[in-house]
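Okay, structure first, notes after.
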Amino acid sequence: MKWETVIGLEVHTQLATQSKIFSGSSTAFGAAPNTHASAVDIALPGVLPVLNKGAVECAIKFGLAIGATLNRVNVFDRKNYFYPDLPKGYQISQLAKPIVEGGALKIVVDGEEKTIHLTRAHMEEDAGKSLHEDFHGMTGIDLNRAGTPLLEIVSEPEMRSSAEAVAYARALHTLVTWIGICDGNMQEGSFRVDANVSVRPLGQAEFGTRREIKNLNSFRFLQQAIDYEVRWQIETLEDGGRIEQATVLFDPDSGETRMMRSKEDAHDYRYFPDPDLLPVKLGEDWIEAVRAALPELPAAMQARFQSGYGVSAYDAAVLTGSRALADYFEAVAKACGQGKLAANWVMGELSAALNKAELDIAASPVTAAQLGALIVRIQDGTLSGKLAKQVFEGLWEGAGEVDAIIDARGLRQMSDSGELEKIVDEVLAANPKSVEEFRSGKEKAFNALVGQVMKASRGKANPAQVNELLKAKLQN
Amino acid sequence: MSEFSLSALAAQLAAKQVSSRELAQTYLDRIAALNPSINAFITVDAEKTLAEAAAADALIAAGKNGPLTGVPIAHKDIFCTDGWLTTCGSKMLSNFVAPYDAHVIQRFKAAGMPSLGKTNMDEFAMGSSNETSFYGAVKNPWDTARVPGGSSGGAAACVAARMAPAATGTDTGGSIRQPAAFTGITGLKPTYGLVSRFGMIAFASSLDQAGPMAPSAEDCALLLNVMTGFDPNDSTSLERDKEDYARDLDKPLSGLRVGLPKEFFAEGLNSEVAAAVEAAVTELKKLGATPVEISLANSQLAIPVYYVLAPAEASSNLSRFDGVRYGYRAPDYASLDDMYCKTRAQGFGAEVKRRILIGAYVLSHGYYDAYYLQAQKIRRLIADDFSAAFEACDVILGPTAPGTAFRLGEKSDDPVEMYLNDLYTIPANLAGLPGMSLPCGFDSQGLPIGLQLVGNYFSEAKMLNVAHQYQRVTDWHKRLPPLGEASGERR
């Protein structure tokens, strides 16, 4: 039987506010345990939550960026359950009236574009952390994270493969970092993915029973976990078994998912509207002000890169992988006036060097202005592609500006045609066999002669000029 | 001293006829003498009180005194008070010393009013008799075999016995007004949102409101001036211009339309209470007021609605008392769940557990719509009834409670009978309206009878005006309980 995979994702993004969603405590990561936990965060008797408008603004930005409906009145609810790192015994979240509903995101998998619709996105507070090691039979509770604002973004079950799920997660990651509402740091838990996975016989209309894989904190784990889960579900069904609704965890060491709790253990969260918080009202003025301050979004920028700089759809998508990359590319393109060359250099030489050095684009030792200047020197014939790579190395090492490196290292392309003609004559004289072969119809021999000229010029000859001269001489 | 109003005490302090320390010491002595038989206080700390009084004296000496600087006050043990044990009447918080001041406490401190201590209360403010306190029942100063009402029973009893010139209380379903009625004092629950709830341990967040308890309406007006005001730490706190609640005290009542809800004078009302309230209406008529019959048809549903909504909120509000971070923790447990179960089984009393169970039930899957949502709809209807009523009248008048103070233990075994005590007070909480109770007579057993006024939103000054005019021509609020040998100043 042929099976179809159905995936929906719930992504918890930590919002990049300075302070927590309902208190003034810092949200900075990595502080000593419980040093960013105020009376409100540890839920002392009598304390009350006060909503951080910055968190609401992040949610508005997101809603606008995905073309969603912003609920002009949205409501915080209490989700009740007991756990030591949940100080109030309830989490403040949004159930019935979330701030964002609907919206969509485009993904590209194997060159095919697909639209993934979103169900909703709602604001909530994060819990603290339980530290089960180092306390000799006890659990340590760190409430620094308690109350950190989250936007939980829920997709429709519209993904049909792990590749689509990863593409969606990446597109979402790009977007939330792009609009600056999340730092995107997956190691620190700023972007956590839960995957709802089910399978069904191809062509069947109803969904299969889903299992939810919790807390995936890398795209690789997301892919691995879904692939394993899908195989497991298909095998189980083909062996005549049944899938029970459950929550599972992915173990990166074994590459397997394992049951955390079954549906029978599911909590009754006893949601109800939080009487300590008023409904959140979004005025049109506020929404319009946020809209006006939104940066150009990835999709719009891709279209503009294609039409304005002549780059391909694929290149435009790669170049808008992050706002920093896109901004870098655009600065290079503007500096040199050569969109395609700029794209090639940014995606080629620069990306390779950054990857090798494990550096982010923001930390690139070569500035966009320098790369632009380099491309100008290629365009005006000062540098060949090969020489340009040597200049790039100089820029990377911090050896100075483009022209200074060219001069200091003697990398200027040979522009004196008399000098070049002399080299060509010498090469022709020294390689009679190749000349003979070319004249008898072997095109390959021509390339060998070009190579010899380039070698003799120590790479400084202009390849086009060499071609021209050689052709002229050989046709005589 | 006991015959002095807050303004009189403040005047003596300002004139340096008495120091705040002397005044505080006098009340502390009276507490020492009377509290063993009344049990109105959970915590008294003379050293702290006298230090605060000394600070008030310094303000007065420096000429930096406000209207009530140096006048001491007792605080219900529901308000977090920096450095003071703050128990909320529960074993659960029997070891909890608050590390911060509630907004209300901050305001009284800023006004230079020393704290005389923390008053006893029903556990987590759940009760109408002050019998659910982990610290034992409070006795009614008018008859120590009887309850003072609740949940602000300690506050009411300490004011009635003049162990304090005034006290703070909180009112979720009548917890200021009913004990005020049972002890012959005046108490006011403001419009919801007027007094910040920050630092006030939550029972039912959408209903809880703090207010003043004192012998007279004039005293309450002055206290309200201190307590009210916007607080950015409470999202439900209302941002309004500051007003002087004493400004209308002396206005004549001519033309005042007093609404008498026919449902409040029906079955279940004690005849002596009815007679006293009707006599008060007659008194108000003499002052120029006109009685108008009104109807609050849905108010008969107030008790069932309240006993869905208040426990629902409480079940969630009390989840933080889990033994993890502060408060009581069971000494022996085998696992996390066991720790939770034992801590909460041992730390909470029976009434609190009953309400947590009810609350969890009405919020649970499959029952939410039938109970919680339905109750919210009826709550709306009850508020609508009031809106319609205030088209026809300026203030609503009726009994505060169906009877007078009952005997200790008399209703402890019948929760529903106990809940019926709040029949007339709960509607104002559900609607968020201000309400107050003032003494209007005594029954044949010598127990005080309370009269309730309910006003429209933000009409506290109007209600205080009515109450003050009534108190100018009556002396019920000036009568003192017979406190035997311990009462040095009894007349």
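What are the residue pairs meeting all of these: first residue in segment A:348-360, first residue outside the structural domain of A:ASN185 (by TED's automatic domain parsing) and under 20 Å from A:ILE375 (Cβ atoms), second residue surrounded by 10 or more Cβ atoms within 10 Å (Cβ to Cβ) and among the charged types (D, E, K, R), Cβ atoms under 7 Å, and 6 or more apart or on different chains?
A:GLU349/A:LYS389
If only one of B:VAL97, B:VAL71 is out of contact with any helix residue (DSSP H, G or I) (no Cβ under 9 Å at 6 or more places or on another chain) and over 19 Å from B:SER437 (Cα atoms), which one is it?
B:VAL97
Out of A:ALA68, A:ALA37, A:ALA16, report the one residue that is at pLDDT 95 or above and in contact with a Cys (Cβ under 6 Å, 6 or more places away or on another chain). Reasoning before the result, please.
Values: A:ALA68 fails: in contact with a Cys (Cβ under 6 Å, 6 or more places away or on another chain); A:ALA37 fails: in contact with a Cys (Cβ under 6 Å, 6 or more places away or on another chain).
Answer to the selection: A:ALA16.
Might you let me know whether segment B:240-261 holds any residue that is more than 12 Å from chain A (Cβ to nearest Cβ), within 26 Å of B:GLY184 (Cα to Cα), in contact with an Asp or Glu (Cβ under 6 Å, 6 or more places away or on another chain) and not in a loop (DSSP other than H, G, I, E, B)?
So far as segment B:240-261 goes, yes, one or more of its residues are more than 12 Å from chain A (Cβ to nearest Cβ), within 26 Å of B:GLY184 (Cα to Cα), in contact with an Asp or Glu (Cβ under 6 Å, 6 or more places away or on another chain) and not in a loop (DSSP other than H, G, I, E, B).
Is it fair to say A:PHE446 is assigned by TED's automatic domain parsing to the domain that holds A:VAL466 and touching a helix residue (DSSP H, G or I) at 6+ places or on another chain (Cβ under 7 Å)?
Numbers: assigned by TED's automatic domain parsing to the domain that holds A:VAL466: yes; touching a helix residue (DSSP H, G or I) at 6+ places or on another chain (Cβ under 7 Å): yes.
For A:PHE446, the condition - assigned by TED's automatic domain parsing to the domain that holds A:VAL466 and touching a helix residue (DSSP H, G or I) at 6+ places or on another chain (Cβ under 7 Å) - is met.
So the check is Cβ under 9 Å with 6+ separation or different chains; which pairs have a first residue in segment B:317-332 that's in contact (Cβ under 8 Å) with a residue 60 or more places away in the chain and a second one that's surrounded by fewer than 23 Cβ atoms within 10 Å (Cβ to Cβ) and among the aromatic types (Phe, Trp, Tyr)?
From residues that are in contact (Cβ under 8 Å) with a residue 60 or more places away in the chain, the pairs are B:PHE321/B:TYR328; B:TYR326/B:PHE96; B:GLY327/B:PHE96; B:TYR328/B:PHE96.
Would you pick out the residues in segment B:191-239 that are within 13 Å of chain A (Cβ to nearest Cβ) and assigned to a strand (DSSP E or B)?
Once the filter is applied, which keeps residues that are within 13 Å of chain A (Cβ to nearest Cβ) and assigned to a strand (DSSP E or B), segment B:191-239 yields B:MET200, B:GLN209, B:ALA210.
Select the strands (runs of 3 or more DSSP E) contained entirely in segment A:43-129, then report the ones holding at least 3 residues which are within 14 Å of chain B (Cβ to nearest Cβ) and closer than 26 Å to A:LEU282 by Cα. Please lay out each step first, then the result.
Numbers: elements: A:77-80, A:90-93, A:104-109, A:112-125.
Because the criterion is at least 3 residues that are within 14 Å of chain B (Cβ to nearest Cβ) and closer than 26 Å to A:LEU282 by Cα, the strands (runs of 3 or more DSSP E) in segment A:43-129 that meet it are A:77-80, A:90-93.
Considering only segment A:374-388, state which residues are assigned to a helix (DSSP H, G or I) and either surrounded by fewer than 15 Cβ atoms within 10 Å (Cβ to Cβ) or over 28 Å from the mean Cα position of the chain (by Cα) (or both). Full working, then the answer.
Our first condition is that a residue be assigned to a helix (DSSP H, G or I); within segment A:374-388, this holds for A:374-379, A:385-388.
Those that are assigned to a helix (DSSP H, G or I) and either surrounded by fewer than 15 Cβ atoms within 10 Å (Cβ to Cβ) or over 28 Å from the mean Cα position of the chain (by Cα) (or both): A:VAL376, A:ARG377, A:ILE378, A:GLN379, A:GLY385, A:LYS386, A:LEU387, A:ALA388.
Quick one: how many residues across segment B:89-106 are over 14 Å from A:VAL47 (Cα atoms) and either within 18 Å of the chain's Cα centre (by Cα) or buried (at least 21 other Cβ atoms within 10 Å of the Cβ) (or both)?
Result for segment B:89-106: 5.
Spot the failing condition for A:ASP134; the list is (1) within 12 Å of chain B (Cβ to nearest Cβ); (2) out of contact with any helix residue (DSSP H, G or I) (no Cβ under 7 Å at 6 or more places or on another chain), and only one is missed.
That leaves (1) as the condition not met.
What number goes with the only condition from (1) within 9 Å of chain A (Cβ to nearest Cβ); (2) crowded, with 24+ Cβ neighbours inside 10 Å that B:LYS76 does not pass?
Going through the list (1) within 9 Å of chain A (Cβ to nearest Cβ); (2) crowded, with 24+ Cβ neighbours inside 10 Å, B:LYS76 breaks only (1).
Condition first: over 30 Å from A:LYS106 (Cβ atoms), buried (at least 22 other Cβ atoms within 10 Å of the Cβ) and in contact with a Pro (Cβ under 7 Å, 6 or more places away or on another chain). Can you find one or more residues in segment A:3-16 that meet it? Don't jump to the end; show me each part of the working.
Initial filter on segment A:3-16 (over 30 Å from A:LYS106 (Cβ atoms)): none.
Scanning segment A:3-16 turns up no residue that is over 30 Å from A:LYS106 (Cβ atoms), buried (at least 22 other Cβ atoms within 10 Å of the Cβ) and in contact with a Pro (Cβ under 7 Å, 6 or more places away or on another chain).
Kindly evaluate A:THR209 against the criterion of being at pLDDT 95 or above, in the same structural domain as A:CYS58 (by TED's automatic domain parsing), surrounded by fewer than 20 Cβ atoms within 10 Å (Cβ to Cβ) and of a type outside the set (A, V, I, L, M). Break it down into steps so the answer makes sense when it comes.
Working: at pLDDT 95 or above: yes; in the same structural domain as A:CYS58 (by TED's automatic domain parsing): yes; surrounded by fewer than 20 Cβ atoms within 10 Å (Cβ to Cβ): yes; of a type outside the set (A, V, I, L, M): yes.
For A:THR209, the condition - at pLDDT 95 or above, in the same structural domain as A:CYS58 (by TED's automatic domain parsing), surrounded by fewer than 20 Cβ atoms within 10 Å (Cβ to Cβ) and of a type outside the set (A, V, I, L, M) - is met.
Would you say B:LEU34 is buried (at least 20 other Cβ atoms within 10 Å of the Cβ), out of contact with any Gly (no Cβ under 9 Å at 6 or more places or on another chain) and among the aliphatic types (A, V, I, L, M)? Show your work before the answer.
On the way: buried (at least 20 other Cβ atoms within 10 Å of the Cβ): yes; out of contact with any Gly (no Cβ under 9 Å at 6 or more places or on another chain): yes; among the aliphatic types (A, V, I, L, M): yes.
Against the criterion (buried (at least 20 other Cβ atoms within 10 Å of the Cβ), out of contact with any Gly (no Cβ under 9 Å at 6 or more places or on another chain) and among the aliphatic types (A, V, I, L, M)), B:LEU34 qualifies.
Looking at segment A:351-366, which of its residues are within 15 Å of the chain's Cα centre (by Cα), within 15 Å of A:ALA326 (Cα to Cα) and part of a helix (DSSP H, G or I)?
Listed by number, the residues that qualify are A:SER351, A:ILE361, A:ALA362.
Can you tell me which condition B:TYR333 does not meet? The list is (1) within 23 Å of B:LEU207 (Cβ to Cβ); (2) out of contact with any Leu (no Cβ under 9 Å at 6 or more places or on another chain), and all the others hold.
That leaves (1) as the condition not met.
Mind checking which pairs have a first residue in segment A:225-241 that is acidic (Asp, Glu) and a second that is in a helix (DSSP H, G or I), Cβ under 6 Å, 6 or more apart or different chains?
Filtered contacts from segment A:225-241: A:ASP227/A:SER162.
Here is a check on your reading of the model: is B:THR49 under 30 Å from B:ASP322 (Cα atoms) and either out of contact with any Phe, Trp or Tyr (no Cβ under 8 Å at 6 or more places or on another chain) or assigned to a loop (DSSP other than H, G, I, E, B) (or both)?
Taking the combined requirement at face value, the residue does not satisfy it.
Quick check, is B:LEU50 within 14 Å of chain A (Cβ to nearest Cβ) and either of a type in the set (A, V, I, L, M) or crowded, with 17+ Cβ neighbours inside 10 Å (or both)?
Details: within 14 Å of chain A (Cβ to nearest Cβ): no; either of a type in the set (A, V, I, L, M) or crowded, with 17+ Cβ neighbours inside 10 Å (or both): yes.
Criteria not met by B:LEU50.
What's the total number of residues in segment A:427-446 that are more than 53 Å from the chain's Cα centre (by Cα), assigned to a helix (DSSP H, G or I) and surrounded by fewer than 17 Cβ atoms within 10 Å (Cβ to Cβ)?
Qualifying residue count for the region: 6.
Of (1) in contact with a helix residue (DSSP H, G or I) (Cβ under 6 Å, 6 or more places away or on another chain); (2) of a type outside the set (Ser, Thr, Tyr); (3) touching a residue at least 60 places away in the same chain (Cβ under 8 Å); (4) not in a helix (DSSP H, G or I), A:ALA31 satisfies all except one. Which?
(1)
Would you call B:PHE124 within 14 Å of another protein chain (Cβ to nearest Cβ), in contact with a helix residue (DSSP H, G or I) (Cβ under 7 Å, 6 or more places away or on another chain) and more than 30 Å from B:LYS64 (Cα to Cα)?
Details: within 14 Å of another protein chain (Cβ to nearest Cβ): yes; in contact with a helix residue (DSSP H, G or I) (Cβ under 7 Å, 6 or more places away or on another chain): yes; more than 30 Å from B:LYS64 (Cα to Cα): yes.
Spelling it out, B:PHE124 is indeed within 14 Å of another protein chain (Cβ to nearest Cβ), in contact with a helix residue (DSSP H, G or I) (Cβ under 7 Å, 6 or more places away or on another chain) and more than 30 Å from B:LYS64 (Cα to Cα).
With A:GLU101, A:GLU112, A:GLU125 as the choices, which residue is in the same structural domain as A:THR13 (by TED's automatic domain parsing) and surrounded by 19 or more Cβ atoms within 10 Å (Cβ to Cβ)?
On the way: A:GLU101 fails: surrounded by 19 or more Cβ atoms within 10 Å (Cβ to Cβ); A:GLU112 fails: surrounded by 19 or more Cβ atoms within 10 Å (Cβ to Cβ).
Step by step, each of A:GLU101, A:GLU112, A:GLU125 is checked, and only A:GLU125 is in the same structural domain as A:THR13 (by TED's automatic domain parsing) and surrounded by 19 or more Cβ atoms within 10 Å (Cβ to Cβ).
Only one of these conditions is not met by B:GLY70: (1) buried (at least 24 other Cβ atoms within 10 Å of the Cβ); (2) in a helix (DSSP H, G or I); (3) more than 22 Å from the chain's Cα centre (by Cα). Which number is it?
With (1) buried (at least 24 other Cβ atoms within 10 Å of the Cβ); (2) in a helix (DSSP H, G or I); (3) more than 22 Å from the chain's Cα centre (by Cα) applied to B:GLY70, the lone miss is (2).
For segment B:302-328, name all the residues that are more than 12 Å from every other protein chain (Cβ to nearest Cβ) and either over 28 Å from B:GLN374 (Cβ atoms) or not hydroxyl-bearing (Ser, Thr, Tyr) (or both).
The initial filter retains those residues of segment B:302-328 that are more than 12 Å from every other protein chain (Cβ to nearest Cβ), namely B:302-307, B:328.
Answer for segment B:302-328, where residues must be more than 12 Å from every other protein chain (Cβ to nearest Cβ) and either over 28 Å from B:GLN374 (Cβ atoms) or not hydroxyl-bearing (Ser, Thr, Tyr) (or both): B:ALA302, B:ILE303, B:PRO304, B:VAL305, B:TYR328.
Within segment A:27-53, can you find the residues that are in contact with a His (Cβ under 8 Å, 6 or more places away or on another chain) and surrounded by fewer than 16 Cβ atoms within 10 Å (Cβ to Cβ)? Spell out the reasoning first.
Residues of segment A:27-53 that are in contact with a His (Cβ under 8 Å, 6 or more places away or on another chain), as a first pass: A:27-28.
Within segment A:27-53, A:ALA28 is the sole residue that qualifies.
The values are calculated or read from the model by the stated rules, or taken from the named source; none is laboratory data. Predicted model, so just to flag it, every value in this text is computed and none were measured. A quick note on method: Cβ atoms are made from the backbone with ideal geometry, for glycine too, and the neighbour counts reach across all protein chains shown.
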